[in-house]
Each structure stands twice: as C-alpha cells, then as structure tokens.
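Reading through the structure tokens given below for one structure.
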Amino acid sequence: MLYRNLLISAGLVVGYLGAVGTLSAKPILEPKEGKWQISNTYAGATKPKGQRYIADTLTRPVPTNRWWSSLMWDFQGKQPFSERMYPHPLAIAAEADGLGVSYPTQATVANKGKHYEYLYYKGEGWDKRDLLISVNGLQAQETKINDFSDWTVSALWQQGNKQLITTTGHGIPYIFAQAKGGDARIVLNDYENNLNVWYQQGDKIGLTINGHHYGLFAPGDSQWQLQGKEAIVSLAGTHGYFSVAVLPKADESTLNQYAHYAFNVVKDTQVSWKYDEQEGKLKATYRFITEAIENRGADEHTIMALYPHQWKLSENDFLSGTYTSPRGIMKTLTGNEFTTTSSFHGVLPGLPLAKNIDKQRLSGYLQTAVTKIKQSGFRPDTYFGGKDMGKLAHLLPITEQLNNTALRNEMITMLKAQLEQWFDGHDNKTPLFHYHQDWHTLVGYPASFGSDKELNDHHFHWGYFIQVAAAIARYDQDWAKDQAWGGLIKMLIRDAANPDRKDPDFPFMRNFDPYAGHSWASGHGNFAHGNNQESSSEDMNFATGLILWGEATQNKTIRDLGIYIYTTEQEAIHQYWFDVDQENFPSKYEPDIAAIVWGAGSVYATWWTAEPESIHGINFLPFHGGSLYLGHYPEALARNYQTLLTFNGGEEGNGGSADDWEDIIWMAQAFRDANTFLAKFNAKADQYRVESGETKAHTYHWLAALNDLGQVDTNVIGNWPATAVFQRAGNRSYVAYNSTCKEKQVAFNDGITFSVKPQHMAVFQNSEIQQQTMMGLCGPGGDTPDDPSIPPNNIPYGIQLVSQSVAQFFVKKAKWVDVHYQINQQPQQNVRMQKNQQGQWILRINNLKPNDVVRYFFTIANPAAKDTPWQRITISRHTPDNNDGIIVID
C-alpha cells in the first residue's frame with residue numbers, strides 16, 4: 001500500500017493500487033499519513049540485479065530471501081532454472097528437464113574441520129543427484145515459480161503442451177508433481193552402482209539408490225514400468241498427479257505408510273502464533289493444508305518432519321522414522337499441524353546500574369562517547385549509520401541512571417534529527433527510503449552490503465532504526481505516532497517481517513523463515529550451498545526492536561510479532577549456531593559454534609575476515625536489553641570461548657586488527673563470568689580497540705551490571721514482556737520495565753510481585769525494590785491501567801487487591817495453608833485459609849487504607865509444611881478514577 005505522502009512523479013498518490021491494480025483492503029500495519037515520506041522517484045535508486053521467473057498467474061507480492069529464492073531470481077543472469085536448494089530433508093535443483101532430487105546424509109567436513117556441508121551432490125557435476133522428476137520429452141527454456149506459501153514453493157516447467165509442476169517445502173518428505181502432455185518420468189541416477197528395487201507392484205515402487213530410500217507413487221490402477229534406469233508411468237485418463245517420497249526405512253510397511261498420504265497434496269502452509277502474557281509463553285502452530293487428489297482414507301493429514309528447534313518444544317507422539325539434515329535429526333509426525341511452546345524470558349530497554357560502579361568514571365566515558373559521535377557524525381549508509389544511531393540510543397538508560405537529564409535531552413535531539421533526515425523523502429535527496437513497486441520492497445539510500453541490488457540484510461539494517469525509534473518513543477509518544485514519524489517504522493516492519501499475507505504492497509515475512517526458525521540474509525540465494533545467515537544476533541536485534549516499539553506504542557500486533565520471531569529464533573540460535581546440546585554438528589566439525597548457517601551446512605568463518613573474535617562476535621553484537629538469550633546456556637558459552645582461544649592462539653585479542661572485538665567477547669562471556677571479564681576490561685580499558693557499534697561507557701556499564709546481577713535465570717518467568725530475572729550466589733534479582741503511563745504490578749511465577757512506576761525500570765532484590773529508574777516520559781492521556789483485581793495466572797501464591805479497601809491472599813495448590821500477616825504495627829495474625837470452589841486457598845482482609853503496610857508469609861503444606869519468605873506491600877493510589885487501587889511492594 002502506498003500513500004498520499006508517497007511521492008510519484010510531480011504529484012501525490014491518492015489512495016493506492018493493490019497487486020493486481022485494484023483497490024485492496026487495508027493492510028494490518030498500514031500507517032496513517034504523517035510527516036514521514038517515502039519516494040518512488042529517487043533517480044539514484046538501483047533496481048535489484050538479474051531476472052525473475054514468476055508465472056503470469058501469480059500476482060501477489062513474492063518474497064525474496066527464501067530458501068527457494070534462486071528458483072525465482074536468477075541474480076547472475078546465467079541460470080534460468082535454479083541453484084541448489086535445501087528444503088530439508090530433501091535437497092533439490094531445477095534443471096531444463098525437471099527437478100533433480102537428492103537426500104544428502106553424509107557430511108563433508110573441510111577447511112581443517114571448520115566447514116561442514118550436506119551438498120546436493122557428492123563430488124563435482126550435476127550428475128550426482130539421486131533422481132530426476134520429469135515429463136517424458138520435457139526440455140524447458142526456464143523454470144518459473146508457480147505458487148508459494150509460508151514454507152513451500154511450486155515450480156513450473158512449460159514446453160509447448162508439456163508441463164510439469166512440482167511442490168515441496170521444509171519438513172515435507174514428498175515431492176508432489178503434476179504432469180501434462182506426456183508420461184511421468186523418474187530418472188534414476190545410480191552413481192554408486194548399487195540400485196536396489198526392493199518393491200515394485202502396480203502404482204508404487206520402493207527402491208534404494210546411492211544409499212537413500214525412496215517411494216514412487218502413481219495414480220491408483222496405474223502401473224509403473226522400469227526401463228533401464230528410468231521409471232515411467234502413463235498418466236492418460238488420470239488426474240495427472242504423482243509423487244516421490246524419501247523414506248526413513250527400506251521396508252514395505254514404511255512404503256505403504258507413505259503411500260497412504262502420497263496424494264494428499266500440500267497446497268498451503270501457514271504459521272500462527274499467540275503470546276500468553278500471564279504465562280510468559282509463546283505458542284506457534286504450523287499448519288499443512290492439503291487437498292486429497294485421491295481418497296486413500298488419509299483425512300487431511302500428511303507426514304511432517306520437524307527440526308530440532310521444533311520437536312524439542314512440542315509434545316507429540318512421533319513416528320519411529322527420522323531424517324538426517326544439516327540441522328540435526330528431523331523427527332516425523334502424522335497430522336496436519338503441530339504446536340511449539342516457547343518460554344519468553346523478556347527484554348529490557350537496558351540493564352540496571354550496578355551498585356558499586358564508579359559513577360564518575362562511567363560519566364566520563366559517557367560524555368566522551370557522545371562527544372565523539374558529535375564530532376564524527378553518523379555514517380551515511382543504512383547499516384553503519386544504523387549502528388551509529390544504535391550505540392547512542394543504548395546510552396540513554398545510562399543518562400537516566402546518572403541523572404544527566406541535559407545530556408539525555410541532547411542525545412534524543414540528535415537521534416530525532418538523524419532519523420527525520422532518513423524518514424523525510426520530500427526532496428528526493430539522500431538519505432531517504434525508496435519503494436520499488438515491481439519488487440514490493442523498501443530500500444534505504446545510501447545502501448550497503450547489497451541491500452539494494454541483492455535485497456540483502458534488510459532485517460539487519462532496519463533493526464537498528466526500529467530500536468532507535470523505540471528509544472525515542474519512550475520519551476515522545478507524539479513523535480512516534482503515524483501522523484508524525486512513526487508511520488515509516490511500520491513500513492520498515494512490513495518490508496522485513498510483514499505479518500499480513502493479504503498486503504498488496506509487501507510480501508509476508510520477507511526475511512524470517514517460519515519453519516526454519518530463523519531469517520535468511522541473501523535476497524537471491526544463488527549459491528551452491530543455498531541461502532545463508534551470518535549475524536543471528538542482528539536478527540535478534542530486529543526482533544527486540546519490534547517488541548520495544550510495540551511496547552512503546554501500545555501496539556500488541558507488532559509486539560507479539562516480535563515475540564514470535566524472538567522466541568523462535570532464540571531456539572534456532574541455540575540449536576544451529578551454538579549447538580547447546582552438542583547433538584547437531586557433525587562429529588568431525590571442530591568448532592563449538594557456527595558463524596554462518598547455510599542451507600547445506602555451516603561454517604566457522606565470516607564474509608570479511610578470518611579473525612576469530614569477529615567470527616564469534618558477529619553472532620553476539622549488538623548488545624542491548626534483548627541480548628539476554630545469550631546467557632541461557634553458560635556451559636555452551638564456555639565452550640564458545642574455548643573455541644575462540646583454540647583458533648586464536650590462546651587469547652581473545654592480539655591487537656593486530658581492527659576486527660579484534662575484544663569488547664564484544666567480554667560482554668558476551670560476562671553472562672557466565674562477569675567478574676573475570678570486567679577485570680579484563682579494567683586491565684585494558686585505556687588500550688583496547690572499541691568495536692564501531694560499541695562505546696566504553698556501554699561496555700563498562702554492561703559488565704558491571706552483570707557482575708552485580710549474576711547469570712540469567714531461566715527458571716523464573718514474568719507476566720510482562722519487559723522483565724528479566726538474574727541469579728547470583730542463590731539470590732535472585734528481578735528487573736521489570738513499565739512502558740505504560742500507569743503504575744503496573746508485575747508478577748513472577750515463583751510468587752514474587754511488585755509494582756513499577758510509569759515509564760520506570762525497577763530492580764527487586766532481597767525482598768524489596770532496590771532501584772526505580774525513569775526510562776521515559778508520559779504524554780497526556782496515558783493508557784488504560786490493568787485491572788489489579790485479576791490475580792496473575794502464573795504465580796503460585798501472593799496477595800491481590802480486589803477493591804478499594806479489600807485485599808486477598810491466595811495460594812493455588814496445597815493440602816492446607818496458614819497465612820501470617822501484620823498490618824502496619826498491629827499484632828501478627830495467624831489464620832488458616834479457606835479453600836474455594838476453584839480449589840484455591842484464599843483469605844480476605846478488609847478496611848485497608850492508602851499507605852497501609854502489610855507484611856506476610858505463608859505456611860504451605862504440599863504435602864510437607866514449608867514457610868515462604870516474608871514479603872511486604874504498601875497500598876497506594878486510591879483515586880476516583882482508579883477505584884481498585886494499586887499494590888506497591890517496596
């Protein structure tokens with residue numbers, strides 16, 4: 001959708017045209033008109049390179065940055081079919097006469113153990129596929145994308161009256177094919193000379209070729225014919241469909257099982273998600289929508305193969321058959337959908353201030369960082385310019401913690417001015433954002449790293465812009481409105497992670513691959529190893545930006561989109577970049593991390609340097625309040641560090657390169673041992689080379705904060721997305737940020753509750769609030785307060801205010817419960833609680849007044865009797881517009 005404030009020639013667009021040239025329904029994230037302006041007449045705009053192959057019947061926006069993008073986009077102008085593609089468990093490639101298919105099961109480990117791959121072929125040459133799916137006599141001039149869904153693609157070959165359409169996707173062991181104008185033809189490429197046809201009868205064949213098992217399935221009542229190394233079946237008088245499946249076992253029972261679903265063609269796939277705020281859980285459902293071409297009693301079901309990041313987060317009765325993949329073992333399941341449940345441990349606008357930090361030293365670092373940015377200016381392109389803005393925005397919480405309001409205001413002014421330059425395309429002069437209508441994409445100019453010609457890295461670049469805008473929005477809600485500058489943030493989100501499949505101007509989820517669990521960085525994917533992503537952490541920067549922007553603007557659609565991407569990619573990073581369970585990397589692959597994940601495998605390398613610090617650091621930076629997932633597995637971080645030392649000669653910095661990135665290593669490793677890495681910083685503070693997106697102020701603050709807080713505690717979850725829990729020496733610290741303009745009670749599933757002031761971040765330690773730091777400003781109006789009479793669902797016990805003067809103690813599950821409480825300085829009361837009809841133990845106390853202090857603990861028999869710690873609350877804010885009041889724990 002393009003708007004009145006989108007420049008076209010000399011005039012303005014009134015309304016917009018949809019994908020087929022007609023007015024369309026309003027997209028989910030359509031922004032209102034505002035001060036922001038996008039151009040589509042910028043003379044310096046460079047169109048993406050190469051040629052696209054899209055069927056004329058496909059009129060909706062087609063995404064780039066997919067595992068199958070090389071099928072749609074011939075970037076080099078030399079390959080009108082495709083490069084090799086890796087949907088998993090299969091590997092495929094389009095050729096002139098059909099679709100080549102393989103199932104790589106043996107990893108090749110190269111480059112001194114630092115590179116592994118499961119390539120489409122063994123050795124050199126296209127002849128190393130297992131088989132080719134074709135129509136007899138087919139020799140097409142090109143292959144086109146015929147259709148697509150969230151994780152599948154259909155390809156079209158056309159030569160006169162001969163036509164072949166194939167469909168496959170992530171987690172689908174089948175290739176569904178439809179042929180016209182000739183017999184179905186399967187060419188068997190027995191390059192190891194060990195072809196074994198172990199079943200052949202009527203409409204199905206079971207065979208093993210090159211060590212891989214396949215089933216060939218033809219329409220009922222038809223007959224496969226083996227002619228040398230080809231299987232032929234006539235489709236005359238039939239529906240024209242046939243299918244091929246890779247089998248986990250070579251036996252008749254497995255063949256019959258796969259034959260049962262062989263004509264339930266997957267026509268569509270869709271992901272949906274829902275964030276349960278009270279439980280701190282994100283549930284994602286993956287649906288396979290099938291059409292039964294033949295009724296074989298399979299209902300609407302198919303056979304699905306789940307990646308490790310999926311089956312480890314789902315509860316299903318898996319089949320015995322599994323598949324090998326570059327991501328690890330894929331488990332199989334029958335049905336038409338499955339659900340994963342992820343814990344969301346929260347994100348923050350920044351870390352708290354360490355108790356014993358040297359404030360004078362920190363203040364000096366802070367002023368130096370801002371002065372340097374003022375002197376050098378912001379770099380001009382979308383990537384490095386975004387990094388420069390990002391490092392300034394991440395200093396804003398520190399200004400608040402040091403009570404430096406003047407510097408805070410100066411920094412906000414600088415950030416506003418820079419973003420507004422980018423967001424105002426009135427004069428068609430850079431910097432600006434330009435919309436390429438024929439590619440349905442937004443490009444910022446000056447571009448960088450192929451973000452224009454190759455449509456690379458949009459999520460990486462836009463993540464910095466969104467994070468900065470979210471920081472500004474905490475202080476100026478009017479600036480963040482669509483009618484001012486916030487509308488362009490919605491456009492950036494629609495470009496990189498559009499949640500709307502019906503949007504006529506942007507495709508659904510350009511960068512993020514819902515089934516793979518992570519994004520793809522290359523727009524075209526024209527590589528022998530498929531598509532790739534290097535900096536998973538910059539993808540998480542993007543997701544965190546969505547969450548914080550959604551929080552700041554009270555837009556739960558954007559917030560929950562961010563939480564879905566964050567929780568899903570978090571697990572993918574743990575599994576495929578860091579292999580935290582030590583199950584997915586091949587045994588001969590030496591590093592304990594992957595720096596670039598490819599469709600065919602992974603490598604310990606970067607695109608630009610061999611420096612080990614950069615190889616590790618590119619999946620750590622930038623550091624922000626959403627980086628806490630890096631601390632979920634301290635043991636894996638220790639292995640990560642040992643790998644760095646192994647490949648770097650025993651130290652993390654040798655001082656010989658601008659890519660040393662010692663600070664990045666220190667900040668990541670502080671999640672497991674902050675004391676050691678704070679000491680390393682202190683020892684080299686005056687001599688180390690600061691990474692270009694970092695500052696000494698932020699690094700010092702970060703290391704000191706983690707030294708104070710301890711490690712991330714994943715055993716406790718809050719009922720609000722801007723929370724985090726840490727643990728040091730058995731003592732927990734609870735951090736919560738309230739982005740609203742009303743005081744908010746936050747609860748954790750271990751029973752801890754406390755209240756956070758509007759636009760403040762609170763730290764709760766040792767049964768009381770230790771810090772309440774302002775993190776933003778509230779404009780007029782604010783938002784609607786939560787109803788404090790509704791007890792949180794995810795805490796086992798606590799106290800809740802249910803009216804202006806009545807509070808209720810509650811315990812969810814117990815054999816019996818006593819509550820011991822004291823109001824102000826009155827004598828302690830010890831009362832047996834009563835069990836209600838819902839099975840909860842409750843006791844109400846009446847006649848409470850503002851500023852009353854209630855101290856309490858429970859004796860809970862479950863079955864043995866145990867006492868909980870003392871807790872203290874203060875009743876406050878009984879006002880005419882807030883009859884229920886707010887509980888404050890202090």
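The values are calculated or read from the model by the stated rules, or taken from the named source; none is laboratory data. What you see is a predicted model, and the numbers here were worked out from it, not measured in a lab. Cβ atoms come from the backbone with ideal geometry, glycine included; neighbour counts cover every protein chain shown. Protein only, heavy atoms only, side chains kept; ligands, DNA and RNA dropped before computing areas. Shrake-Rupley method; radii C 1.70, N 1.55, O 1.52, S 1.80 Å.
Structural remarks
- 10 Å beta-carbon shell around Gln483, net charge (K/R +1, D/E -1): 0
- On the beta carbon distance between Ala679 and Glu300, with R0 = 56 Å, the FRET formula returns roughly 0.40.
- Contour excess over end-to-end distance, with Cα ends at Ala292 and Asn111 and 0.36 nm allotted per residue: 60.5 nm
- Viscosity 1.002 mPa s, temperature 20 °C, Stokes-Einstein D of segment 317-376 from Kirkwood C-alpha radius, µm²/s: 121
- Mean separation of Cα contacts under 8 Å (6+ apart) over length of the chain, as relative contact order %: 11
- Pairs from Lys47/Lys78; Lys283/Lys866; Lys26/Lys453; Lys47/Lys267 whose Cα-Cα separation, in the structure shown, is over 24 Å: Lys283/Lys866; Lys26/Lys453; Lys47/Lys267
- Greater than 28 Å apart at Cα, pairs in Lys588/Lys684; Lys49/Lys502; Lys128/Lys312; Lys128/Lys204: Lys588/Lys684; Lys128/Lys312
- Averaged per residue, segment 21-164 has 39 square angstrom of accessible surface, using a 1.4 angstrom probe with ligands and nucleic acids left out.
- Cleavage-rule hits (GluC sites (Glu not before Pro)) in segment 276-329: DSSP loop, at most 10 neighbouring Cβ within 10 angstrom: Glu315
- Taking every C-alpha pair closer than 8 Å and separated by at least 6 residues, the mean separation divided by the residue count of segment 27-140 gives a relative contact order of 17 percent.
- FRET efficiency for Glu33 and Cys778, using Cβ-Cβ distance with R0 set to 25 Å, rounded to 0.05: 0.45
- With K and R counted +1 and D and E -1, the other residues having a Cβ less than 14 Å from that of Gly137 yield a net charge of 0.
- The trypsin sites (Lys or Arg not before Pro) found in segment 549-597 that occupy coil by DSSP, while having at most 14 further C-beta atoms within 10 Å, are Lys588.
- Between the helical axis of 634-647 and the longest alpha-carbon principal axis of the chain there is an angle of about 60 degrees.
- Think of a 1.4 Å ball rolled over the protein heavy atoms: segment 576-724 then has 31 Å² of accessible area per residue.
- Angle between the chain longest axis and helix 662-684 axis [Cα atoms, degrees, rounded to 10]: 70
- Relative to the longest principal axis of the Cα atoms of the chain, the long axis of helix 405-423 makes an angle of roughly 20 degrees.
- Counted over all Cα-Cα pairs of segment 569-627, pairs farther apart than 13 Å make up 62 percent.
- Taking each residue as 0.36 nm, the span from Asp358 to Thr208 lengthens on full extension beyond its C-alpha to C-alpha distance by 47.2 nm.
- Along the axis of the charge dipole computed for the chain (Cβ charges of +1 for Lys and Arg, -1 for Asp and Glu, origin at the Cα centre), the listed residues Gly617, Leu419, Gln840 are led at the positive end by Gln840.
- In a DSSP loop and with at most 13 other Cβ atoms within 10 Å, the trypsin sites (Lys or Arg not before Pro) in segment 43-128 are Lys78, Lys112.
- Note on segment 23-73: with neighbouring protein chains present and a 1.4 Å probe, carbon and sulfur make up 49 percent of its accessible heavy-atom surface.
- The residues packed around Gln828, meaning those with a beta-carbon under 12 Å from its beta-carbon, carry a net charge of 0 if Lys and Arg are +1 and Asp and Glu are -1.
- Among 407-414, 238-245, 467-474, 860-867, the order from most to least packed when residues are scored by Cβ within 10 Å on average: 467-474, 238-245, 407-414, 860-867
- Counting 0.36 nm for each residue step from Gln770 to Lys229 and taking away their Cα separation leaves a gain of 187.2 nm.
- Accessible-area composition of segment 159-313, carbon plus sulfur, in percent [1.4 Å probe]: 40
- Here's the list of aspartates and glutamates a cross-link from Lys835 could span, going by alpha-carbon distance under 18 Å and ignoring same-chain residues fewer than 8 apart: Asp818.
- Qualifying lysines (Cα of each under 26 Å from Cα of Lys849; at least 8 residues distant if same chain): Lys742, Lys744, Lys757
- Candidate lysines for bridging to Lys374, where Cα separation is under 22 Å - those fewer than 8 sequence places away on the same chain excluded: Lys387, Lys391, Lys416, Lys696
- In this Cβ point-charge picture (+1 for Lys and Arg, -1 for Asp and Glu), the chain has a dipole of about 1560 debye about its Cα centre.
- Span from the segment 374-431 Cα centroid across to the segment 820-845 one, whole angstrom: 53
- Here, the chain has an Rg and a Dmax of 29.2, 95 Å when only alpha carbons are counted.
- Shape of segment 122-186, Cα gyration tensor, a/c cut at 1.5: oblate
- Separation of alpha-carbon centers, segment 43-94 and segment 544-571, rounded to whole Å: 29
- Comparing Cα centroids, segment 173-222 and segment 432-510 end up 46 angstrom apart.
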